[in-house]
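The values are calculated or read from the model by the stated rules, or taken from the named source; none is laboratory data. Everything quoted here is computed from the prediction, not taken from an experiment. All Cβ positions, even for glycine, are placed from backbone atoms using ideal geometry, and neighbour counts span all protein chains on display. Ligands, DNA and RNA are stripped out before the accessible areas are found, and what is left, the full protein with its side chains, is counted by its heavy atoms. Shrake-Rupley method; radii C 1.70, N 1.55, O 1.52, S 1.80 Å.
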Amino acid sequence: LPSPPPTPQAYSAGTNIPILADIAPPGKVGVVMAWCYGLEGSGSALLGPPTVALLAQHAFGYVPSHLVDLSDISPQQATTNATALRNSLIIMLTVSWAAAAALYSFVSLSYPRERDAAALARKVLGS
């Protein structure tokens, strides 16, 4: 089977884990990572779907169906809804990936100071 394409979540394993392990206080790395991934996961779960739905409805013409049997939806409406969802997903993914890229670019500015401060704190505390 072919491997899945790389996703922007690669920053999680390639950036977050090493940096958090380096700057978190000794014995607290797991707690810091749990908070990081808990906030990231709950934020995306709480904000992502409603934002995509609102964007699809108000910007791209998605019409919610209250029909129990979706086969009763006209083919034209099904196509319009599918296109609206596609467009809103593309916009949300592009915006979130661009925001992540912009925010992660600041890591190169702040990480050296944070790393040095964590190393100094470890040295002072003797751990």
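Taking the Cα centre of region 6-123 as the origin and placing charges on Cβ (Lys, Arg +1; Asp, Glu -1), which of 31, 77, 56 is farthest toward the positive end of the dipole?
Looking along the dipole axis, the top candidate is 31.
Rolling a 1.4 angstrom probe over the protein heavy atoms, how many square angstrom per residue are accessible across region 18-57?
Using a 1.4 Å probe on heavy atoms only, each residue of region 18-57 averages 61 Å².
Keeping every protein chain present and rolling a 1.4 Å probe, give me the accessible area per residue for region 59-103 in Å². Walk me through the numbers on the way to the answer.
Details: 3220 Å² over 45 residues.
The answer is 72 Å² per residue.
Using only helices, what value at 222 nm comes out for the chain when you add -39,500 (n - 2.57) per DSSP H run of length 4 or more and divide by the total residues, to the nearest 500 deg cm²/dmol?
The helix contribution divided over the chain gives -24500 deg cm²/dmol.
Over the chain, calculate the relative contact order: mean separation of alpha carbon pairs under 8 Å at least 6 apart, over the residue count, as a percent. Don't skip to the end; give the middle numbers.
Details: 52 pairs, mean separation 40.1, N = 127.
Relative contact order comes out at 32 percent.
Nearest 20 debye, what's the magnitude of the dipole of the chain about its Cα centre given +1 on Lys and Arg Cβ and -1 on Asp and Glu Cβ?
In total the dipole reaches around 520 debye.
Largest first and in whole Å, give the semi-axes of region 18-90's equivalent ellipsoid, each being the square root of 5 times a Cα gyration tensor eigenvalue.
Numbers: eigenvalues 350, 29, 16 Å².
Listed largest to smallest, the semi-axes of region 18-90 are 42, 12, 9 Å.
How much of the accessible area of the chain, probe 1.4 Å, is carbon plus sulfur, in whole percent?
On the chain, the fraction of accessible area on carbon and sulfur atoms equals 71 percent.
Rg to Rh ratio, the chain, alpha-carbon atoms and Kirkwood radius?
Rg/Rh for the chain comes to 1.17.
Dipole of the chain (Lys/Arg Cβ +1, Asp/Glu Cβ -1, origin at the Cα centre): which of 109, 126, 44 lies farthest to the positive side?
126
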